[in-house]
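So the structure is just underneath, and the comments pick up after that.
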Amino acid sequence: MHATAAVVFAQLITKNVDHGVHAFYVPIRDPQGERDEQGRLPFLPGVGGEDDGQKGGLNGVDNGRLHFDHVRVPRTDLLARYGSVDADGTYSSPIDSPGRRFFTMLGSLVQGRVSLDGAAVTASKLGLAIAVRYANERRQFTGASATEEVVLMDYGTHKRRLIVPVAETYAAHFAHERLLDLFHSVFSGDEDTPEQREDLETTAAALKATSTRFALDVLQETREACGGAGFLTENRITSLRADMDVYATFEGDNTVLLQLVAKRLLADYGKQFKGITPGQMARVVVERAGDMALHRTPLKRAAQALSDAGDPRRAAGHLRDAETQRALLTDRVETMVADVAQALRPAQKADPETAADLFNAHQVELVEAARAHAELLRWEAFTQALATIEDEGTREVLTTARDLYGLSLVERHLAWYLLNGRLSSQRARTVTSYLDRLIDRLRPHAQDLVDAWGYGPEHLRAKIASGAEKERQDEARAYYRRLRASGDEPLSEKSLRKAEKAAKRSSLATRH
Ligand SMILES: Cc1cc2nc3c(=O)[nH]c(=O)nc-3n(C[C@H](O)[C@H](O)[C@H](O)COP(=O)(O)OP(=O)(O)OC[C@H]3O[C@@H](n4cnc5c(N)ncnc54)[C@H](O)[C@@H]3O)c2cc1C
């Protein structure tokens, strides 16, 4: 609609050699031209384009397509940081390797992924802040009391569906903070090394892929947790979800990004073995075989079951230990990567087609390993942050939230832990009940945990999170209280029938 120039990424071909994608500054509209009835300036010759029209969300951002037909730009309008062309058409670049140049060029796009991770964490926080506030105020159905209705947040299902994601959002928040540190170290030039850039690429891909998906799940869950009110546009969650939808796709599709992460994990795994002697390699193979034997036979499970025997509290206490959680999460990533690496070994010597088929056959496990790596990154960031919290009470509550996040991952992947002999069935059985205890422990802090994110009504912009629901509930309760006190409260048909039956029974008894 409005752009007069664009940065166009296109192949740079000179002297009949394709040097790959480069960025060009290209004027696209004539700023002096006559605007059409919609206020648009005319395209320059050879340039065309159209709007993408209505989208599934994010309609506040314009998207469209441009096309070019023999458009000429001056040689000097090549954005030449990573490559330039002399007047005679000779290409030069400060980065010699075409592969590394391509990835360096793409590397500047990492800023988008870093921002998306932050936006996804924020969207999760907003959805949860709205839903928790509403759940603490809305009353629905009577429980033990005949007159007092229960607040939603006290229902078992509600506690779990909101408090577990609150804990995970804290993990995502701290992981994002670490990502920003890494981003700053590279882009400020403090530590702009190829290794640091590679770490930034991998971490941004891992976190963006997991946090955007998580936000979508959270927004759906919080929408449902607010019932019909959650479906009203005035309560914000549906719009947030619609806008968040494309985050799973743009700046890199999540599945594709996770493959990038997995490839890095595989490369790092391979590096461990670089330069080691055949003797050392043999030892690694034997140790790995031993490790597999240990985990895959009931040996280790039996030992664990023995030490847990008869004492579920001990089993639960063990799971609360940070080192146990770290060991369980790390072991899962390492084992998954090692398993895939082992399975892919024949690809090294195979023809390209067989190698590609083999890789493809293990794509699902690869992506799963990358996801497990992202989960571990978040857990580590959360744990690292705990050490910086000075207030004892806050640290205690957040440690419980960290445990809840760690154990929710173990519960999510319980089948893997059982199948791979990492948890005894006895210990596995304690995971869910211990998780429920942690949820109950956090229940009184649920409102504080979401308030701590610092969003006021001006940020939440949701009627149900403005105190309106509490006012409505208080008014209704006061009305019924007054009615009961006045003695004018109508009887329910059910209690009337009960009274009639009782009267009939007593008159029969007197007659006999
Ligand atoms: C609203 C919006 C705004 C955008 N803005 C910009 C922008 O400003 N600049 C820009 O350059 N781009 C932009 N994009 C493009 C965006 O980056 C791409 O849509 C995105 O990277 C996905 O690529 P694709 O659409 O070609 O999907 P595809 O690559 O066709 O993917 C389709 C599906 O196939 C799967 N898939 C693809 N390849 C593989 C594989 N190798 N293995 C397994 N599965 C695979 C994916 O997981 C996905 O589910 C935007 C897109 C949208 C929707």
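Positive end of the dipole of the chain (Cβ unit charges, origin at the Cα centre): among 80, 173, 487, the Cα lying farthest that way belongs to 487. Note on residue 51 and residue 345: the extension gain reaches 101.1 nm, defined as 0.36 nm multiplied by sequence separation minus the Cα-Cα distance. Computed from Cα atoms, the angle from the helix 254-271 axis to the main principal axis of the chain rounds to 70 degrees. Angle of helix 392-412 to the longest C-alpha principal axis of the chain, folded into 0 to 90 degrees and rounded to 10: 80°. When each of the peptides 36-43, 167-174 is scored by how many other beta carbons lie within 10 Å of its residues on average, the order from highest to lowest is 167-174, 36-43. The spacing between the range 68-123 and the range 418-450, judged by their C-alpha centroids, is 47 Å. Only Cα pairs under 8 Å and 6+ residues apart enter the sum, and on that basis the relative contact order of the chain stands at 17 percent.
A simple rule links phi to the HN-Hα coupling: the Karplus curve 6.51 cos²θ - 1.76 cosθ + 1.60 with θ = phi - 60°, which for the range 164-179 gives 4, x, 4, 4, 5, 5, 4, 4, 5, 4, 5, 5, 5, 4, 5, 4 Hz, with x for Gly and Pro. Any idea which of 496, 38, 420 is furthest toward the positive side of the dipole for the chain, if Lys and Arg beta-carbons carry +1 and Asp and Glu beta-carbons -1? Of the options given, the answer is 496. Extension gain for residue 415-residue 483 works out to 19.0 nm (0.36 nm per residue, less the C-alpha to C-alpha distance).
Each of 340, 116, 449 was scored by the projection of its Cα onto the charge dipole of the chain, and the greatest displacement toward the positive side belongs to 449; charges sit on the C-beta of Lys, Arg, Asp and Glu. Taken about its Cα centre, the chain carries a charge dipole of about 2580 debye when Lys and Arg each add +1 at the Cβ and Asp and Glu each add -1 at the Cβ. When 157, 432 are arranged by Cβ crowding within 10 Å, least crowded first, meaning fewest neighbours, the order is 157, 432.
For the chain, the longest principal axis of the alpha carbon atoms and the long axis of helix 322-344 meet at an angle near 50°. Dipole magnitude for the range 5-98: computed about the Cα centre from +1 point charges on Lys and Arg Cβ and -1 point charges on Asp and Glu Cβ, it is near 180 debye.
How big is the equivalent ellipsoid of the range 5-98 along its three axes, where each semi-axis is √(5λ) from the Cα gyration tensor, reported in whole Å from largest to smallest? The partial results should precede the final answer.
Values: eigenvalues 193, 59, 23 Å².
Three semi-axes, in Å: 31, 17, 11.
Averaging the Cα positions of each part gives two centres, and for the range 489-512 and the range 318-387 these lie 69 Å apart.
The numbers here are math on the coordinates, done by the rules we state, and not lab data. On a predicted model such as this, the values are computed, not experimentally measured, just so you know. Here Cβ is always computed from backbone atoms with ideal geometry, including for glycine, and neighbour counts include all displayed protein chains.
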